[in-house]
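Beneath this line is the structure, given in structure tokens, with notes to follow.
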Amino acid sequence: MKLLFSLFGASGFAVLIYLCSTWYLQPFLIRQTVLRRLNRQSLMARLVGKLPRRRVSPRLQSELIQQLSTLSELLDATARNLRLGKSMASSIQSATETSTIKDSVINDLVATTTRGESFADATKRLIPTAKTNELIFALRTIDLAATGGVGGVLALERAAIVLRERSTNINDRQMQASQALLSTKVLSWAPVAVAGWLIATSSSVRNFLILSVSGWVCILLGLSLNYAGRRWMQTIVAPIQA
């Protein structure tokens with residue numbers, strides 16, 4: 001029996017190590033190799049205008065939805081001010097005063113353009129500091145609208161629509177994934193609760209799991225596989241930031 005548990009535990013740990021190295025270690029090593037081969041300037045040049053795709057956690061999803069909402073409001077307000085005949089600098093300044101946006105990049109853009117810096121120079125300087133592709137998209141749209149004409153106003157309005165559609169898609173995905181996330185939580189916590197109840201009520205189970213090496217192997221293996229399955233499901237459900 002001990003030999004059977006040892007073989008089962010060893011094979012289980014081998015599978016766990018293989019899965020963890022495939023999911024986490026291999027991408028990390030590849031990324032570190034690329035970073036060592038590229039200098040900082042060439043790396044920044046590759047990232048300007050296109051941030052790397054990454055999984056979005058629930059907290060980041062909420063922050064992204066809030067950013068999409070405020071950016072779309074800002075672009076709409078700027079377009080309305082332009083239709084009233086205001087300049088681009090005055091329009092975006094009025095829009096930031098009436099909106100709830102608190103992004104430092106947008107505030108820096110407003111401050112520098114109000115002092116006379118061109119939108120082309122300001123956006124070129126601020127795009128590398130943007131942390132999301134949505135913000136980069138908004139900055140490029142503002143730069144395009146600053147060239148003047150009716151096309152700039154239409155670009156702002158269309159960009160606001162695109163950002164709202166992006167926010168709607170994230171909300172729809174959260175609703176569709178809620179059942180899967182709930183099932184994952186139940187399936188991951190139920191074995192832990194059952195194991196705790198058996199340890200508390202059964203002396204034979206308690207002696208085997210706590211007082212034997214094979215029992216500790218089963219506990220560690222079960223917790224490890226439970227954690228790996230929970231993370232795997234969260235990785236599948238979590239959206240990729242475009």
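Throughout, read-outs are computed from the coordinates displayed, never taken from laboratory work. This is a predicted model, so every value here is computed, not measured. Every residue, glycine among them, receives a Cβ derived from its backbone with ideal geometry; neighbour counts consider all protein chains shown.
Segment 82-160 and segment 179-239 have Cα centres separated by 51 Å. Normalised by residue count, segment 192-241 yields a Cα convex hull volume of 65 Å³ per residue. This ranking places I236, I101 by how few other beta-carbon atoms lie within 10 Å of each, fewest first, which gives I236, I101. For segment 118-167, the percent of C-alpha pairs falling in each 5 Å distance bin, counted from 0 to the bin holding the largest distance, reads 4, 23, 28, 23, 17, 5, 0.
Could the peptides 103-113, 178-188 be put in order, highest first, of the mean number of other beta-carbon atoms found within 10 Å of their residues? It would help to have the intermediate numbers written out before the result.
Working: 103-113: 17.6, 178-188: 12.5.
Those peptides, ordered most packed to least, come out 103-113, 178-188.
Please compute the volume of the convex hull spanned by the alpha-carbon atoms of segment 56-172 and report it per residue in Å³. Numbers along the way, then the final one.
Working: hull volume 10.4 nm³, N = 117.
It is 89 Å³ per residue.
Going by C-beta contacts inside 10 Å, put D143, D121, D76 in order with the fewest on the left. Working shown, then result.
Working: D143 22, D121 12, D76 19.
By the 10 Å Cβ count, ascending: D121, D76, D143.
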